[in-house]
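Participant: Sharing a structure with you now.
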Amino acid sequence: MTASTASLPVPAAAGTLAAASAVLAATPATDRSQPCSPLTDEAFADDAARWAALRARDARADGHFFYSVRTTGVYCRPSCPSRPARPENIAFHATVADAERAGFRACLRCRPAQPPLAQQQAAAIARACRLIEASDPAPDLATLARCADLSAHHFHRVFRSIVGVTPRAYAQACREARVRERLAAGCAVTEALYAAGYQSAGPFYAGAAGALGMKPAVYRRGGAGLTIRFALADCSLGAVLVAATAQGVCAVSLGDDPRALLVEFQDRFPQAELVGGDPGFEALVAGVLAVLEAPGATAAEAAALPLDIRGTAFQQRVWRALRDIAPGRTVSYTDVAEALGVPRAVRAVASACAANTLAVLIPCHRVVRRDGSLSGYRWGLQRKRALLDSEAASAGAGAASTADAGR
């Protein structure tokens with residue numbers, strides 16, 4: 001019997017491009033002659049929240065409201081670095097147009113009539129990404145910086161903070177994606193790698209395992225010769241598919257229909273060899289099911305399971321950070337990005353979470369929105385809520401037991 005590896009380790013190129021695609025998709029063309037967007041975020045809908053943002057010079061409030069200063073006759077964005085004005089001289093405005101109708105002119109320092117700096121930089125990085133994608137070979141750093149209208153050093157820093165990887169790593173991901181497309185179309189390995197922009201075979205083969213999740217020839221043959229052990233089972237979260245390579249667990253998928261899980265698993269690499277039923281693998285599956293049933297009470301067991309995780313360097317960093325989140329605790333995508341030292345790569349963090357194929361073992365369910373509400377989950381929001389409720393109950397019971405023991 002054969003099975004696919006749709007849930008096999010995510011190819012590096014796919015993850016990197018997915019992260020950058022989030023940046024591109026969220027960066028529309030900007031007409032700088034138009035005022036910024038009106039207030040749309042309820043977080044800044046009342047004066048108390050606006051005053052708090054103004055005192056903190058919170059850049060997240062930029063574009064959501066503006067403030068004017070009666071004594072100077074100017075209006076600013078909340079993050080304006082100008083010296084604070086006296087509260088009695090300040091008024092709030094929902095839009096640029098409102099401030100200008102009230103007779104105020106735009107501040108020359110923060111330029112509130114232009115898009116926020118973060119939006120301008122995102123648009124510049126999007127242009128650079130498109131240039132990388134369309135060029136062969138990849139443009140050098142100086143060329144990309146000119147495209148973004150930034151200095152080379154500043155461009156490199158901003159690119160990495162937004163996309164989550166360096167321009168070189170992004171160009172490498174683009175080349176790897178082109179190789180994957182050509183291999184999937186049946187091209188010979190040598191033809192595919194040279195057509196994708198590689199100057200020699202050595203660099204490609206050196207990183208092939210991370211880029212493709214397997215040897216190039218195996219990828220081209222649809223996984224032929226690749227041995228995957230897998231099992232279908234039921235748990236409190238529904239149907240579950242567990243798959244493993246010789247290195248460790250490479251897929252844990254959840255769903256309502258076990259057949260659908262199997263079909264998804266077969267679609268990508270129909271020639272991979274499926275092996276099941278040996279005692280060693282059954283013990284591994286039992287360990288995974290134990291974690292699924294009690295994710296908060298079995299953190300040690302989850303950490304002890306061998307995993308076969310492959311992805312971009314950035315994805316690996318995100319997934320390691322997720323495994324450090326204690327059961328019963330949640331963090332936001334922003335928290336994860338800040339912990340990784342790339343606070344502006346929030347969308348890249350979200351893309352890395354979405355690329356996770358190891359349900360619960362890599363606990364992306366513990367990442368929520370900044371306001372605590374649930375965001376998307378690969379295996380359904382109902383399961384995400386069930387997992388969080390189970391972990392919270394387990395953590396509460398543990399705390400109660402500790403308190404009783406201390407009496």
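Participant: Enumerate the calculated ³J(HN,Hα) couplings along segment 97-109 in order (Karplus 6.51 cos²θ - 1.76 cosθ + 1.60, θ = phi - 60°), each rounded to whole Hz, writing x wherever the residue is Gly or Pro.
Facilitator: Residue by residue, segment 97-109 yields 4, 4, 5, 6, 5, 7, x, 9, 10, 5, 5, 7, 8 Hz.
Participant: Next question, about the same structure. Quick one: net charge around Arg344, please, counting Lys, Arg +1 and Asp, Glu -1 for every other residue with C-beta under 13 Å from its C-beta.
Facilitator: Local charge sum for Arg344: +3.
Participant: Run the numbers for Ala339 and Gln382: contour at 0.36 nm per residue of separation, minus the present Cα-Cα distance, in nm.
Facilitator: Result for the pair: 12.7 nm of gain on full extension.
Participant: Next question. Evaluate E = 1/(1 + (r/R0)^6) for Arg168 and Leu108, where r is the Cβ-Cβ distance and R0 equals 41 Å; express this FRET efficiency to the nearest 0.05.
Facilitator: In this case the efficiency is close to 0.65.
Participant: In a shell of Cβ-Cβ distance under 13 Å around Gln382, excluding Gln382 itself, what net charge do Lys and Arg (+1) and Asp and Glu (-1) give?
Facilitator: +2
Here, each number is a calculation from the coordinates, and none is a lab measurement. Please read all numbers here as calculations on a predicted model, not as lab measurements. Here the Cβ is made from the backbone with ideal geometry for all residues, glycine too, and neighbour counts use every protein chain on show.
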